[in-house]
Amino acid sequence: MDGATIPAISHALKVRGQPYETEWPYMNPGPLNNDSWKPPSGIENVFKCQTANVKINSDSIKNQIVSGILPIIAMMISDGFYSPVDNVIDTNEPYEDPRLHAVLAVGIGHANDKEYVQIRNSWGDQWGDQGYAWVSGDYLLSRRWD
């Protein structure tokens, strides 16, 4: 399996929703036996939402966040994404193969004459700062997948 598709993710968010991480926490490593593993039962609190495919740029992300919408960003990631330095991802390293990943944009900030997007990753609280990091606009725009 090559991972999820954007249409499949959109459908899942609209129909089934995303549970709270405390009710269905990220598992690293995954289950020992995939054949017998089942999702946790009794999950009642889920977030459901409509999705839209829009071009990624800092203005569209900023406008959505200001209007109360937290956009999901699909992008190609590089090695530097796996270990943010001081909770910041700002590297121009090349990527050899397209590793696609999706994150939730939760904020916009500025530092050193650069714009950054604060993201929430799905890899658990051990990644970045309790699951959050700042991604430079340059990194994000050079790796957008649209």
Mind checking the angle between helix 6-15 and the chain's longest principal axis? C-alpha axes, 0 to 90 degrees, to the nearest 10. 60 degrees
Residue-span extension gain [D125 to E23] - 0.36 nm each, minus C-alpha spacing: 35.3 nm
Using unit Cβ charges (K, R positive; D, E negative) and no other charged atoms, how large, in debye to the nearest 20, is the dipole of the chain about its Cα centre? 640 debye
Tell me, in nm to one decimal, what length is gained between H110 and A8 on full extension, where the rule is 0.36 nm per residue of separation less the Cα-Cα distance? 33.4 nm
Given a 1.4 angstrom probe, I'd like the percentage of the accessible area of the chain that is carbon and sulfur, rounded to a whole number. 51 percent
Any idea of the accessible area per residue across the chain, 1.4 Å probe, to the nearest Å²? 69 Å²
So which lysines can K62 reach, going by Cα to Cα under 24 Å and dropping same-chain residues fewer than 8 places off? K14, K48, K114
Alpha-carbon centroid distance for the pair the stretch 71-86 / the stretch 117-144, whole angstrom: 5 Å
For D59 and S83, calculate 0.36 nm times their separation in residues minus their Cα-Cα distance, and state this gained length in nm to one decimal. 6.0 nm
Ranked by accessible surface with a 1.4 Å probe, highest first, in what order do T91, T5 come? T5, T91
Highest average packing first - 7-17, 25-35, Cβ atoms within 10 Å: 7-17, 25-35
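The values are calculated or read from the model by the stated rules, or taken from the named source; none is laboratory data. All figures in this text were calculated on a predicted structure; none of them were measured in a lab. For neighbour counting, all protein chains shown are included, and Cβ atoms are generated from backbone atoms with ideal geometry for every residue, glycine included. Calculation scope for accessible area: heavy atoms of the full protein, side chains included, ligands and nucleic acids excluded. Shrake-Rupley method; radii C 1.70, N 1.55, O 1.52, S 1.80 Å.
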